[in-house]
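Student: First the structure, which I've put down as structure tokens, then a few questions once you've had a look.
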Amino acid sequence: MNETRAPITLYTYAMSPFSAKVHCFLLYKQLDFECFYINPLHVKRDLPVGRQIPVVTIGDESRGDSTPIGLWLDERFPDGPRLLPESGAERDLLLKLDDWISQRLIPASFRFFPGPGLDKYRNGWKLGSVMGQTAEGGLPWLMRAGWPALVTRVGFVKRLVAQADDGLPVAESKRKLYDTFCGHLEGGPFLCGRDAPSMPDLAAYPQFTLYWAHGFHGGRDILDYPEIMGWLERMKPYVSGEPPLIPRGVGKHELPG
Ligand SMILES: N[C@@H](CCC(=O)N[C@@H](CS)C(=O)NCC(=O)O)C(=O)O
């Protein structure tokens, strides 16, 4: 079978930071693909492997787990833009930064959004609404209405929030994390001071933009970080293909940049 012709499907949730990371990998690599928005009520029925999204299917082969999916995409499609150099110290460095994003930045987004207090409801209902609008077959209204309470009871969400809890209040924790992120830019146009994006840039991009685009309370805090705003603007052309990261008709604001 011709590798480049094999159909590619990303199994995703519209608001999943891990899936959005893989969505950005696929856009950056300029691969033709489609999104299947999994219904959380039918994960077992519709997901080709495992119980977690993202999953990518190429032809009749399926893989889960965002970073291994990225490595697989570079292996299967080595001729287009690469997520990582083939070997060497820079590859190791970029993989380490991707790991920081998966272990620190992404879990933190589960703590920052919906967030505490009133935000739990304001943002929680937005989450339920995006999920209800995109998930295959939709969600019962009671589930959408109860989303703020439901989401905090889900096992993997609880685990990620606990992983992100550094003992600081949310605003302070966010400031510290975003400062660390700016440090990883090392003054360069892209992460690690590089001239072109790589896996960690694509992994990090949706962690700032998803919440902005859907109008979450707190999603515009990045306006206080000109370095992050400048980097988002430089990233935008690399992740602006089809299907869009923010499904049409669902987002509230244009992506920054
Ligand atoms: N290590 C995985 C984590 C993926 C993950 O946590 N996915 C969440 C959605 S954002 C999920 O499907 N959780 C369901 C579960 O753990 O049962 C990756 O990098 O892709």
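Student: Can you tell me which residue in region 21-42 is farthest from the ligand (Cβ to nearest atom), limited to those that are among the hydrophobic types (A, V, I, L, M, F, W, C) and part of a helix (DSSP H, G or I)?
Tutor: Among residues in region 21-42 that are among the hydrophobic types (A, V, I, L, M, F, W, C) and part of a helix (DSSP H, G or I), the one farthest from the ligand (Cβ to nearest atom) is Leu27.
Student: Determine, yes or no, whether Asp221 is acidic (Asp, Glu) and out of contact with any helix residue (DSSP H, G or I) (no Cβ under 7 Å at 6 or more places or on another chain).
Tutor: So Asp221 fails the test.
Student: Tell me whether region 70-78 contains one or more residues that are among the aliphatic types (A, V, I, L, M), within 27 Å of Gly183 (Cα to Cα) and in the same structural domain as Phe25 (by TED's automatic domain parsing).
Tutor: yes
Student: Return only the number of the condition from (1) part of a helix (DSSP H, G or I); (2) in the same structural domain as Leu202 (by TED's automatic domain parsing); (3) away from the ligand (no atom under 12 Å from the Cβ) that Arg45 does not satisfy.
Tutor: Here Arg45 clears every test but (2).
Student: Of all residues in region 122-161 being among the aliphatic types (A, V, I, L, M) and over 19 Å from the mean Cα position of the chain (by Cα), which is nearest to the ligand (Cβ to nearest atom)?
Tutor: Once the filter is applied, the top-ranked residue is Leu150.
Student: Considering region 162-181 alone, what residues qualify as being over 22 Å from Gly219 (Cβ atoms) and more than 16 Å from the ligand (Cβ to nearest atom)?
Tutor: Within region 162-181, just Gly167 meets the criteria.
Student: From the list Pro85, Pro114, which one is outside any helix (DSSP H, G or I) and surrounded by fewer than 16 Cβ atoms within 10 Å (Cβ to Cβ)?
Tutor: Going through Pro85, Pro114 in turn, the sole match is Pro85.
The values are calculated or read from the model by the stated rules, or taken from the named source; none is laboratory data. What you are looking at is a predicted structure, and each value in this text was computed from that prediction instead of being measured. All Cβ positions, glycine included, derive from the backbone under ideal geometry; neighbour counts span all protein chains shown.
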